[in-house]
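Inspection log for the structure reproduced underneath, given as structure tokens.
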Amino acid sequence: PRLCVVGSGPAGFYTAQHILKHHGGARVDIYEKLPVPFGLVRFGVAPDHPEVKNVINAFTQTARSERCAYYGNVTVGRDVTVAELRQAYHAVVLCYGAEDNRVLGIPGEDLAGVYSARAFVGWYNGLPENRDLKPDLSCDTALILGHGNVALDVARILLSPLHLLRKTDITDSSLAALACSKVKRVWLVGRRGPLQVAFTIKELREMINLPGTRPVLSPADFTDLENAIKDAPRPRKRLTELMMKTALEKPGEKPAETQAAAGQAAAPREWGLKFQRGPQEVLPTADGRRARGIRMALTRLEGSGDSAKAVPTGEMEELECGLVLSSIGYRSLPLDPAVPFDTQRGVIPNSSGRVEGVPGLYCSGWVKRGPTGVIVTTMNDSFDTAQSVLEDLRVGVLDVSTSREGFGAMESILRSRGVRPVSFSDWEKIDAAEVAKGKAAGKPREKIVDPQEMLQLLGH
């Protein structure tokens, strides 16, 4: 069987890995629109979380298998259609993730100084499409809308001491911009309460312990929560207890806090969580061009736990901030008119990864289940899709009696359209160049952010 995977992030690689491991004869081709592989492992994981990127080692093993091939610099839906892939392969698995962000849908969202967290993360991680973002960091207060791990990542990068960031693979230009940043206060704002935050304890603890920065949590937000968390699942309980402890702790209570408290007073960077506030409008400066603040509706919660709904109370509040980052979620886009797409939910309709009404077409990862969860969630989800493919091969739903040409058929189509694919060994040349460049600067790597530069390096 010749199978193809569209997208080389965790979903694509885990799907390929599982199929290759459990079917001794299958061949898998992975297509990727960028010259470089690994998707959000390269472009989403924070630069100061290098351990999370260790999965790249396993993905590299998969790509080097003689039954696997990687074709970067090929945009499915533009350079080649899904119908053309379906003719060349016995099965096609769409793993292209969520390449857009949800919008706030409020006035002032387009003012200068307002960015999606997605674009901001792409900027400091060297995602080509965001390399020219040039966020304005000249204000002292930033406001992040959202209470997930991405929101905490962004806050941490904004407030991290430079000496910590200098040792990471953060891009050169974003490091330079952060070195001149005036931001010293970051608020993370959510519509719901402390019991509904989506970030995890590891990220929260890291933020609380960030050197030279103090957390500002209001004790009033945490009164009467002891009872509410009695029966909560353990992770939620521990997370809430850590927030409560941080809110109620007086500076100087921790023994080690004596120097730290002095240090935190001397380094007046701070961050805090604000709850039960929904953004209504980004307020413009007098000339109507830039953001100067945000108007928020105070909310009350109806229901409890994860299903609690935020309902506006009618009260409003304004907060000054020159930088607004919306971190309210990523969003998948339809790839090709031939593929069914549920625009409401932002996913390809499927059951266990089998695309509804299109035999031989599958999906995995965020485009399958929505943009939630961490790498291990995507791993399990991709194994589930891969199982569906293997099962369909076993029972003959996928007819492998007719031979398919695979990349052979694609090669002539791509050549006729002037598209030159990038192989995995090509990527390894880019990789070596980045690592060498980084070494000179005392970093793990210096990412090349311009696809043209990548292709020039390969003589394309």
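The values are calculated or read from the model by the stated rules, or taken from the named source; none is laboratory data. None of these values were measured; they are calculated from a predicted model. Here the Cβ positions follow ideal geometry from the backbone for every residue, glycine too, while neighbour counts run over all protein chains shown. Ligands, DNA and RNA are excluded from the accessible area calculation, which covers all protein heavy atoms including side chains. Shrake-Rupley method; radii C 1.70, N 1.55, O 1.52, S 1.80 Å.
Each Cα pair under 8 Å and six or more residues apart adds its separation to the average, and for the range 10-88 the resulting relative contact order is 41 percent. Determine the distance separating the Cα centre of the range 137-178 from the Cα centre of the range 22-39; give it in Å without decimals. The range 137-178 and the range 22-39 have Cα centres spaced 32 Å from each other.
Can you pick out the pairs among K184/K274; K167/K437; K53/K184; K182/K439 whose Cα atoms lie more than 23 Å from each other? Numbers along the way, then the final one.
Values: K184/K274 17 Å; K167/K437 13 Å; K53/K184 29 Å; K182/K439 29 Å.
With Cα atoms farther than 23 Å apart: K53/K184; K182/K439.
Restricting the range 1-102 to GluC sites (Glu not before Pro) that sit in a DSSP loop and have at most 11 other Cβ atoms within 10 Å of their own Cβ leaves E66.
Short-range pairs are left out: with C-alpha atoms under 8 Å and at least six residues apart, the relative contact order of the chain is 24 percent. Distance from the Cα centroid of the range 326-389 to that of the range 55-101 is 14 Å (rounded to whole angstrom). Summing Cβ point charges (Lys, Arg +1; Asp, Glu -1) relative to the Cα centre of the range 30-189 gives a dipole of roughly 320 debye.
Per residue, the accessible area of the chain comes to 45 Å² when a 1.4 Å probe rolls over the protein heavy atoms. Taking the protein heavy atoms of the range 280-438 in the context of the full set of protein chains, the accessible area attributed to carbon and sulfur is 51 percent at 1.4 Å. Computed from backbone phi with θ = phi - 60° and the Karplus coefficients 6.51, -1.76 and 1.60, the 3J(HN,Hα) list for the range 364-370 is 8, x, 5, 6, 8, 10, x Hz; x is used for glycine and proline.
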